[in-house]
Amino acid sequence: MADSAGSPPHTQGADSIVLEEEIDPNYVPSEAEIIDYAKWMGMDLENDRDLFWIAREGLMAPLPANWKPCKTKDTEDIYYFNFASGESTWDHPCDGYYKRLYEEEKKKKEIKLKVFLFRL
């Protein structure tokens, strides 16, 4: 929740630092990062390799408008704060989108497989 000035909840007592998102145009997620994110999304690491593009894209997603990364001073944990809505989250604000995208693509893949097997 934000205060009336729209500050992250932890900054009211100066417990957090608002960071600026730094986007490296040359960043390419490592295979290990992609696998970790794919696991988090619930991907089958053997059967869903064709959907790893979703994990790669999710790792490279910029923050949506009005979101800023913030770091707690005591633990230096990163969380995200929306300065327009006052919402905060420990997960990247785009994580839910990419998880749903994976689930949709997985269903499409399963339907295609069923249709293929039905035609045999």
request  = Please specify each residue of region 33-78 satisfying the condition of being more than 24 Å from GLU103 (Cα to Cα) and touching a residue at least 24 places away in the same chain (Cβ under 8 Å).
outcome  = TRP67, LYS68, PRO69, CYS70, LYS71, THR72, LYS73, ASP74, ILE78
request  = Answer yes if at least one residue in region 8-25 is over 19 Å from the mean Cα position of the chain (by Cα) and either open to solvent by 100 Å² or more (accessible area, probe 1.4 Å) or modelled with pLDDT of 95 or more (or both), and no otherwise.
outcome  = yes
request  = Return the only residue of ARG100, ARG56, ARG119 being more than 25 Å from ASP24 (Cα to Cα), open to solvent by 60 Å² or more (accessible area, probe 1.4 Å), modelled with pLDDT of 95 or more and of a type outside the set (Phe, Trp, Tyr).
outcome  = ARG100
task = Go through region 35-52 and give me each residue that's under 19 Å from GLU104 (Cβ atoms), under 15 Å from the mean Cα position of the chain (by Cα) and open to solvent by less than 90 Å² (accessible area, probe 1.4 Å).
result = TYR37, ALA38, MET41, GLY42, MET43, PHE52
key: Close pairs (8 angstrom Cβ cut-off, 6 or more residues apart or separate chains): closer than 27 Å to LEU59 by Cα and of a type outside the set (Asp, Glu) in region 101-119, exposed (fewer than 13 other Cβ atoms within 10 Å of the Cβ) and modelled with pLDDT of 95 or more anywhere   = TYR102/GLY42; LYS109/ASP50
Among (1) open to solvent by less than 40 Å² (accessible area, probe 1.4 Å); (2) touching a Pro at 6+ places or on another chain (Cβ under 6 Å); (3) of a type in the set (A, V, I, L, M, F, W, C), the one test that ILE78 misses = (1)
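The values are calculated or read from the model by the stated rules, or taken from the named source; none is laboratory data. Just so it is clear, the structure is predicted and the values come from calculations on it, not from any experiment. Backbone-built Cβ (ideal geometry, glycine too); neighbour counts: all protein chains shown. For accessibility, only protein heavy atoms count, side chains too; no ligands or nucleic acids. Shrake-Rupley method; radii C 1.70, N 1.55, O 1.52, S 1.80 Å.
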